[in-house]
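Read the figures in this text as sums done on the coordinates, not as results from a lab. Small disclaimer: the values here were computed from a predicted structure and weren't measured. In this analysis, Cβ positions are derived from the backbone assuming ideal geometry, glycine residues included, and neighbour counts consider all displayed protein chains.
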Amino acid sequence: MLDGECNPDRPPLPRDAGTHRATSVDFPVCVVLPAGGTGERTGLQTPKQFWSFLERPLISYTIDAFERVSWIQDVVVVVAKENLDQMSGIVQRFGHRKVRVVTGGSTRHRSIYNGVQALAEDRPEVVIIHDAVRPFVEEDFLSKITLAAKEHGAAGAIRPLVSTVIATTSEGFLDHSLERAKYRASETPQGFTYEVISQAYQRSSESDLEFGTECLHLALQHCHINAKLIPGPPTLWKVTYRWDLAAAGSIIKEPMLQSACVVSGDSVHAATLITALQKALHMKLHVVTDLSAEKHTFLLKEWNYIQVSVDVCCRSDIEALVTQLEVEKRVLQYPLVIIWLCLNTSNGKSCSTTEGKKPAITDLASSLEHKKILLYGIQLPTPQDSDCWETSVLKVSDLISVLVKERSPALVGQLLQA
Ligand SMILES: Nc1ccn([C@@H]2O[C@H](COP(=O)(O)OP(=O)(O)OP(=O)(O)O)[C@@H](O)[C@H]2O)c(=O)n1
Ligand SMILES: O=C(CO)[C@H](O)[C@H](O)COP(=O)(O)O
């Protein structure tokens, strides 16, 4: 009998607090992501786990949250049979490298059980079970759940109740209300030693698998394991209704609006403009002369890029930036924004030299759209050539904020005037 394995004739010995308590995750950990549901409560045809934000399905964001954690080995994604091909396509398109896809069941428990069984041949020490529709999970909390599961056999995330729980009579009247302070909402991630969760499911009845919703209860009922409960952050909430999708989309987009990488070149005019924009914009600007230097590669994780050009026709500037983004495999995954700031001196040749009837940016933008790069242009005079420089800077700042936030396809390839 393996350590921690359940023996219904003899409940596991109380865990000796003196045993070695791991302080870091130095043992094998795998994840089971139940994603086999239909999302009926959203009222949408598309199951919510496949609902896209910036052309990327919700489940891909969740998987990404686990793939970023170095001590997690495998992520078993459990999807309905009819979604197997779609899920395999998502794994390939977004380069998910830790993922295995298995077929789900008619209920959440049956899906999770299938995922747990998929790990039987190469058993991890701990299995994390996490709803695929909870994309905002952080490594620190995963570590707490995992370490607690290893120490106690089971662990689960909890949140305070936001409504009082009441019991009703069969006629639909209030029978009694529960003392809210004594209860918590059970969330995920949850963690279990492999032995506990596999035994709990092996001992579950058909009724458990058909009607239950709580893995922690199965561990208690079938393995006499009282899960350690750990308060989690509000972002652990489960996307359930349509308005949850709107909230998730807003949280996903939020980091994209906060910063930009500015490629300035070595122009004095550009430096003057950038200094003014750093005061006007409510965004963090990472300014570099060019992105070729090794130390700047972290900036290629940015969602927004501002290329500043002065006078000369600078298509090559944009093409050089796109090449670097392609090397980093940033393109083809989600829309990145490049804003081409064209500063024109009175005696200079305009950056927006038209090629035929359309500004140069229009053709370039069309060639980038299939790469999921949204190219926008803003043209403005240099400080010396403008008696309304401050007004121009404020206009540029407003345009940048809107273009970054809205990522509107309608303005792609347009050369806006500031
Ligand atoms: N047969 C099922 C049912 C649900 N789930 C997954 O369990 C998680 C939590 O379940 P829930 O929020 O209830 O999802 P759905 O069942 O899809 O939602 P609904 O009840 O609104 O249909 C989701 O990631 C869902 O995909 C699953 O893997 N297999
Ligand atoms: O909170 C949970 C912890 O186990 C589950 O996510 C929840 O019970 C799933 O229920 P439903 O499928 O009805 O949304």
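Can you work out ³J(HN,Hα) from phi for every residue in the stretch 176-189, in order, using Karplus 6.51 cos²θ - 1.76 cosθ + 1.60 and θ = phi - 60°, giving whole Hz and x for Gly and Pro?
Couplings: 6, 10, 8, 6, 4, 5, 8, 10, 9, 7, 8, 10, 10, x Hz.
Looking at the stretch 32-77, which GluC sites (Glu not before Pro) are in a loop (DSSP not H, G, I, E or B) and have at most 12 other Cβ atoms within 10 Å? Could the numbers behind the result be given before it?
Numbers: sites: GLU40, GLU55, GLU67; in loops: GLU55.
Loop-located and lightly packed - GLU55.
Add -39500 (n - 2.57) for each DSSP H run of 4 or more in the chain, then divide by its residues: what number comes out at 222 nm, to the nearest 500 deg cm²/dmol? Mind dumping the intermediate values first?
Details: 12 runs with 134 residues, N = 418.
It comes out at -9500 deg cm²/dmol, rounded to the nearest 500.
Return, ordered by residue number, the residues of the stretch 232-258 whose backbone nitrogen is under 11 Å from a label point located 7 Å along Cα→Cβ of GLU138.
233-236
Quick check: pseudo-label points 7 Å beyond the Cα along Cα→Cβ at GLU319 and THR240, how many nm apart are they?
5.4
Set the Förster distance to 35 Å, then compute FRET efficiency between SER250 and PHE173 from the Cβ-Cβ distance, nearest 0.05.
Numbers: r = 39 Å, r/R0 = 1.12.
Here the calculated transfer efficiency is 0.35.
So what J values fall out for the stretch 66-78 if you push phi through Karplus, 6.51 cos²θ - 1.76 cosθ + 1.60 with θ = phi - 60°, rounded to Hz, Gly and Pro as x?
Here the 3J(HN,Hα) series is 8, 5, 6, 8, 5, 8, 8, 8, 10, 10, 8, 9, 10 Hz.
Over the stretch 108-248, what is the relative contact order in whole percent, taking alpha-carbon pairs under 8 Å and six or more residues apart?
Working: 212 pairs, mean separation 47.5, N = 141.
Relative contact order comes out at 34 percent.
Report the Rg/Rh value for the stretch 29-252, based on alpha-carbon coordinates and the Kirkwood definition of Rh.
Numbers: Rg = 17.3 Å, Rh = 18.0 Å.
Using only Cα positions, Rg/Rh for the stretch 29-252 is 0.96.
Please compute the modelled spin-label separation between LYS405 and ALA120, points set 7 Å along Cα→Cβ, answer in nm with one decimal.
5.4
Within the stretch 125-179, which chymotrypsin sites (Phe, Trp or Tyr not before Pro) sit in a loop by DSSP and count at most 12 neighbouring Cβ atoms inside 10 Å? Each step should come with its number before you reach the end.
Values: sites: PHE136, PHE141, PHE173; in loops: PHE136, PHE173.
Passing both the DSSP loop test and the Cβ count: PHE173.
Can you compute the charge dipole magnitude of the chain about its Cα centre, using +1 on each Lys and Arg Cβ and -1 on each Asp and Glu Cβ, nothing else charged? Give it in debye, rounded to the nearest 20.
Working: 42 positive and 48 negative charges, 69 e Å.
Result for the chain is approximately 340 debye, rounded to the nearest 20.
Which far-off residues, 5 or more places away or on another chain, put their amide H under 5 Å from the one on VAL102, with H placed in the peptide plane?
VAL77, VAL78, VAL79
Quick one: which residues, 5 or more positions from SER259 or on another chain, have an amide H under 5 Å from its amide H? H modelled 1.01 Å from N in the peptide plane, none for Pro or chain starts.
HN-HN under 5 Å from SER259: LYS284.
Please arrange TRP237, TRP243 by counting, for each residue, the other beta carbons lying within 10 Å of its beta carbon, fewest first.
Working: TRP237 18, TRP243 10.
So the residues, fewest neighbours to most, are TRP243, TRP237.
Would you mind checking the tilt of helix 242-253 against the longest principal axis of the Cα atoms of the chain, expressed as 0 to 90 degrees and rounded to 10?
For helix 242-253, the angle is close to 50 degrees.
Which entries in LYS144/LYS238; LYS81/LYS144; LYS295/LYS372; LYS98/LYS284 show an alpha-carbon gap greater than 28 Å? Please report the intermediate quantities before stating the final value.
On the way: LYS144/LYS238 19 Å; LYS81/LYS144 33 Å; LYS295/LYS372 25 Å; LYS98/LYS284 33 Å.
Beyond 28 Å between Cα atoms: LYS81/LYS144; LYS98/LYS284.
Amide H of VAL32 versus every other amide H placed in the peptide plane: which residues, excluding those fewer than 5 positions away on the same chain, fall under 5 Å?
Those lying under 5 Å, H to H, from VAL32 are VAL76, ILE128, ILE129, HIS130.
Once both labels are modelled 7 Å past Cα along the beta-carbon direction, what's the SER106-VAL162 spacing in nm?
About 3.3 nm separates the two model spin labels.
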